[in-house]
Amino acid sequence: MRFCRVLPVSAAAALVAAGLGNGAAFAGEPKPWGLGFQEPASPFAERMFFFHDKILLTVTGVITLIVLGLLVYVMARFNERANPVPSRVTHNTKLEIIWTLVPVLILVGLSVPSFPLLYYGDVVPDSKYTVKVTGHQWYWSAEYETPDGETFSFDIFLLGDDEAEAAGLPRLLAVDEPMVVPMNVPVRFIVTSSDVLHAFAVPAFGVKMDAVPGRLNETWAEVTRAGVYYGQCSELCGSGHAYMPLMIQAVPESEYLEWLGESYERFAGLSEETETQRRLAAAEQGTE
């Protein structure tokens, strides 16, 4: 079953035609046979990836080598051939204190850089712009507010394979209506769901936030590189879970303001028309 809306000319294809494929653009997406994280596109992602790659991997690598060395020593020193008369010692208080205390000290040491990082990502800074993202079975919708206080929203559906290929976009990640965010300013994302649990996740931003029905969660990102970034729902939300990707374009703030104005003219009337049609259909069915 495919959950996508096929359009003659998609907004995603229009973005590519507008020049997102030039040398200045950057695409944050999975790579075939890729290893590690995507290229970071926000200060939080840079800090998080540095903590993982430089600190956690170093500590776990050293621990792995120490444990491997101990295993090799035990196999060589205490096998039956080298030690025909086994020792009957069952406890060593000093050794037990060491192997209990050392892991505790390691965890305490890791908490020193990790707690400030958690706090930095959890506390949303003052944001000029807010985007509300709602998860549905199985697509997203995004709601924006213009500088004049007017709001508009649109739905985000997966592009069909043929359209994605024609637009030069990655399969199962391209959408018909990409989201747009400004660069170099904090953007707050309010995340919720209309039905079941979803998760708003964009790896290059270092963002992953659960979308819970009846609850408003929030996260943020300050994108520092122009380009198109891809994410997906990261919660097992049903049979269409694999078909609700995210596609976010980062542009300069001036271009973002222009996009807000153009999109309001495009979507505001459409949203009202869609709501009217929904109410009429519900009234005909006797449900409203």
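The values are calculated or read from the model by the stated rules, or taken from the named source; none is laboratory data. Values in this document were obtained by computation on a predicted structure and should not be read as measured data. Note that we place each Cβ from the backbone using ideal geometry, even for glycine, and neighbour counts take in every protein chain shown. Note: accessible area is taken over every heavy atom of the protein model, side chains too, but ligands, DNA and RNA are not part of it. Shrake-Rupley method; radii C 1.70, N 1.55, O 1.52, S 1.80 Å.
Results for (1) open to solvent by less than 80 Å² (accessible area, probe 1.4 Å); (2) in contact with a Gly (Cβ under 9 Å, 6 or more places away or on another chain); (3) modelled with pLDDT of 90 or more, shown as yes or no for each residue.
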position	(1), (2), (3)
A82	yes, no, no
P86	no, no, no
V89	no, no, no
I97	no, no, yes
V102	yes, no, yes
G109	yes, no, yes
S114	yes, no, yes
L117	yes, no, yes
V123	yes, no, yes
statement: Of the residues in segment 205-216, those that are of a type outside the set (K, R) and either open to solvent by 60 Å² or more (accessible area, probe 1.4 Å) or over 18 Å from A142 (Cβ atoms) (or both) number 4
- prompt: Which residues, taken from segment 236-272, are part of a strand (DSSP E or B) and closer than 14 Å to A201 by Cα?
  reply: P245, L246, M247, I248
message: When you check S254 against the structure, is it surrounded by fewer than 19 Cβ atoms within 10 Å (Cβ to Cβ), among the polar types (S, T, N, Q) and closer than 18 Å to W138 by Cβ, yes or no?
response: no
task: Mind listing whichever residues of segment 152-163 are in a loop (DSSP other than H, G, I, E, B) and open to solvent by 10 Å² or more (accessible area, probe 1.4 Å)?
output: F157
- request: Scan segment 139-151 residue by residue and report those that are of a type outside the set (F, W, Y) and assigned to a strand (DSSP E or B).
  value: S141, A142, E143, E145, T151
- request: Tally the residues that are part of a strand (DSSP E or B) and crowded, with 19+ Cβ neighbours inside 10 Å, restricting the search to segment 217-235.
  value: 11
field: Single unsatisfied condition, A166 versus (1) open to solvent by less than 50 Å² (accessible area, probe 1.4 Å); (2) under 21 Å from A27 (Cα atoms)
entry: (1)
